[in-house]
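The values are calculated or read from the model by the stated rules, or taken from the named source; none is laboratory data. Everything numeric in this text was worked out from a predicted model, so none of it was measured. Cβ: placed from backbone, ideal geometry, glycine included. Neighbour counts: every protein chain shown. Just the protein is used for accessible areas: all its heavy atoms, side chains included, with ligands, DNA and RNA removed. Shrake-Rupley method; radii C 1.70, N 1.55, O 1.52, S 1.80 Å.
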Amino acid sequence: MTLLFLIKEGLAGFKRARLSATITIATVMLSLLLIGIFGLVAQQLSDNFYRVYNKIFLEVFIDPSLSEGDVKALQRRIENFPAVRSTQYITQDMALRTFEKDFGQDLMKVLGENPLPPSFRVALKPSYSGTEQVERMKREMEDYVEVEEVDYQQNFVKLMNDYFWVGLLTVSFLGAAIFFITTMLIYNTIRLTIHSRHTVIEIMRLVGATRFFIKGPFIVEGVLQGLIGSLLACGVLWLISDAVQKLFATVMIVPLEFYALLVLIGVTLGLIGSYISVGKYLKY
């Protein structure tokens, strides 16, 4: 029995049971679309989370009397920390302009001098943004004689770290639940489709058809149903992501690997569901 014959018979199965085939394909499409939408939402939340994490920085205030050479030497020492992603030197004039912009007050007129010290804005890598790690960095930098004070968004960092694991566990649980439910839905739909044609299987078995001759077309049909349903889900998912980008002017790029994963899930479930379902009626 050639592969071409199996494909031909599998396609013929669509014509013989159009309604059940349509229901199966629609179920596969909607189920995988649900998984795809959840995956997109989880990806967007993850991207936003890391964007916020990348905004965590230390404000390292230094001695205003340091020479330019001392400032550069100190900057190099800070950049040598494994946790440091980048540093930015903030002069006294830059700090004054930022203060006036944020608070609308002219300190030079009020005090007659610029009281704001120069500083380094030290951005940390996301993997070093835990509360204990940031505190350790703060203590180590404060040990430098050139450093007067180290400050950071303590409440913000604590809040991010407190809710990180809660969010991760919640998303993981929801993802696993959705995947399990949709997997069982697709699997059982394919089984019911095969069950509705068990009489055909029994007749073929009674006339002496081999297991492979009986199983082959049904397995191909299940694979094709999973493939078509998953491709339709990918198409709808692409339309949704494109519409979201146009409506909300945001970037939502769905990786090709994500589409490939949905297709693989659909084909695999079609194969397993049809193989097990047909095998149920060939136990003699």
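Points to keep in mind about this one:
Condition check ((1) modelled with pLDDT of 80 or more; (2) not polar (S, T, N, Q)) across all residues:
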position	(1), (2)
Asn161	no, no
Arg197	no, yes
Gln225	yes, no
Leu239	yes, yes
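- Single residue of segment 36-80 satisfying the filter (open to solvent by 40 Å² or more (accessible area, probe 1.4 Å) and in a strand (DSSP E or B)) that is modelled with the highest pLDDT: Phe61
- In segment 92-135, of all residues being assigned to a helix (DSSP H, G or I), farther than 24 Å from Val147 by Cβ and modelled with pLDDT under 70, the one that is least open to solvent (accessible area, probe 1.4 Å) corresponds to Met108.
- Unmet requirement for Phe248, which otherwise passes all of (1) within 33 Å of the chain's Cα centre (by Cα); (2) of a type outside the set (S, T, N, Q); (3) at pLDDT 75 or above: (3)
- Across segment 251-279, the qualifying residues are those that are at pLDDT 80 or above and open to solvent by less than 30 Å² (accessible area, probe 1.4 Å), and the one among them that is nearest to Gly39 (Cα to Cα) is Leu262.
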